[in-house]
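Quick notes on the structure that follows.
The values are calculated or read from the model by the stated rules, or taken from the named source; none is laboratory data. Computed from a prediction, not measured in an experiment: that's the story for all the values here. Here Cβ is always computed from backbone atoms with ideal geometry, including for glycine, and neighbour counts include all displayed protein chains. These area figures cover heavy atoms from the full protein model, side chains too; ligands, DNA and RNA do not enter into them. Shrake-Rupley method; radii C 1.70, N 1.55, O 1.52, S 1.80 Å.
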Amino acid sequence: MIDLTNQPCPVCRTTGRSQPLHTTRYPEHRYPGPFTLRRCGECGLLFNSPRLDPPELARLYGRNYYFFLRSDAREFDRIVGMYQRSVGMIQDDLQHSGLPKRSIDIGCGRGYFPAVLRELGWDASGIEISPDAAEYARSRFALDVFTGTVEQHAASTQARQFTLVTAIDVIEHVPDPEQFVAAAAKLVAPDGWLIIDTPNAAAENIRSSGVAWKGFNPFHIYLFTIQNLTTLLCRHGMRPDKSFSYGNTPTAPHLRDRAVAALKAAGLLRPVAGAYFAAKRLTIRANGDIQQHVARAVARIRREPPYSASSDSTAPLAASRAGDNIVVIARKQAEPPPNSDQRP
């Protein structure tokens, strides 16, 4: 275990100002012992400490990681919303910029998002740490996918710059968010965009749901607010252009959450979860032709209104940006010409 309690906060760099938010257990994921989230008293960053060391984290992801147990149909439904809240929000600016439609998706999984972007006219590629998922994306969609982390990619001979870099549901998983943002920013071309989508550490529903809130799980070791994520982006040359929350409806504890709590209290959650995950592995790919899913997602993106026209964009928590997830769209300042006359 790695104790971060007295280490500098990766955002505000203060030391020793954090307080525990909650401690729970995740027997359904075979997490070894208690899982504690702490809140930085200066900037509000939520972080897991003590935290699993790298080999332990790798083993955790090897056991029933929820992302890879989702059906293709569910993931492509999710991608429509991802597009509307990311690429869809910069469409007008992109058209006026004259920049090439070249993108890279950090944490691209099995390649669904870049596969859809390619059908929409992008030169789309990806970065994925899971060798199996990266190989699936390459073999199934003929995508250019780098196997490894964004830090490894940025330091490699394969690194180049992109008009659009996306990191959707990724930064909450990484052990060093400072290095992650620095590497992602290096991949953004001058005047290009970096879009980060992540659970919201300032979500109002944390108050009502507590430890059962949908953004809490043992894979999420850092949780940001719009304000502290903006601080981190600015430090690495990215200028926030748009930011908002989604999942903007207040919720009460769900019946499922009560059932999970009851099973956990009775010591039955681990065997029940084991049976559930085993069943999911048996059925995960039996859900239709993959190209049909791509075509349906593309058709919906072209047909449906943008996120800014959705009911969620004006739901009760939208104005305070206190929904369950946040999106920060940042742009890299264009570099001045080498012979420009700049005065201090």
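Here are some notes:
- Overall form of segment 109-172: rounded. Here a/c, set by the Cα gyration tensor axes a ≥ b ≥ c, is under 1.5.
- In nm, spacing of pseudo-spin labels at Ser97 and Gln292 (7 Å Cα→C-beta vector): 3.6 nm
- The length gained on full extension between Arg235 and Val211, counted as 0.36 nm times the residue separation minus their Cα-Cα distance, comes to 5.5 nm.
- For Ala189, residues with placed amide H under 5 Å, excluding near neighbours: Phe162, Thr163
- Rounded to the nearest whole Hz, the Karplus-based 3J(HN,Hα) values (6.51 cos²θ - 1.76 cosθ + 1.60, θ = phi - 60°) of segment 176-188 follow the sequence 9, x, 4, 5, 4, 5, 4, 5, 4, 5, 4, 7, 7, with x at glycine and proline.
- By accessible area with a 1.4 Å probe, ligands and nucleic acids excluded, highest first: order of Cys108, Cys43: Cys43, Cys108
- Per-residue ³J(HN,Hα) for segment 31-42, Karplus 6.51 cos²θ - 1.76 cosθ + 1.60, θ = phi - 60°, Hz, x for Gly and Pro: 5, x, x, x, 10, 10, 9, 10, 10, 5, x, 9
- Under a model in which nothing but the beta-carbon of Lys, Arg (+1) and Asp, Glu (-1) is charged, segment 1-95 shows a dipole of about 380 debye around its Cα centre.
- Viscosity 1.002 mPa s, temperature 20 °C, Stokes-Einstein D of segment 1-65 from Kirkwood C-alpha radius, µm²/s: 170 µm²/s
- Solvent exposure ordering (accessible area, 1.4 Å, most first) of Glu42, Glu28: Glu42, Glu28
- Solvent-accessible area, 1.4 Å probe, carbon plus sulfur percent, for segment 117-219: 49 percent
- Ranking of His153, His22 by solvent-accessible surface, largest first: His22, His153 (1.4 Å probe, protein heavy atoms only, all chains present).
- Stokes-Einstein D (µm²/s) once Rh is taken as the Kirkwood radius of segment 69-177 over alpha-carbon pairs, at 20 °C in 1.002 mPa s: 149 µm²/s
- Distance (nanometres) between label positions extended 7 Å along Cα→Cβ at Ala73 and Arg303: 1.6 nm
- Counting every pair of alpha carbons in segment 165-233, the share spaced more than 17 Å apart comes to 44 percent.
- With Cα atoms as the point set, segment 122-209 shows a radius of gyration and Dmax of 14.7, 48 Å.
- Computed extension length for Gln333-Arg138: 67.0 nm, one decimal, from 0.36 nm per residue of separation with the Cα-Cα distance subtracted.
- Along each principal axis, Cα extent of segment 1-139, largest first, Å: 48, 34, 22
- DSSP-defined beta bridges in segment 34-141 - what % are antiparallel, rounded to 5: 40 percent
- Taking segment 163-230 and dividing mean pair separation by its residue count, relative contact order in percent (alpha carbons under 8 Å, at least six apart): 42 percent
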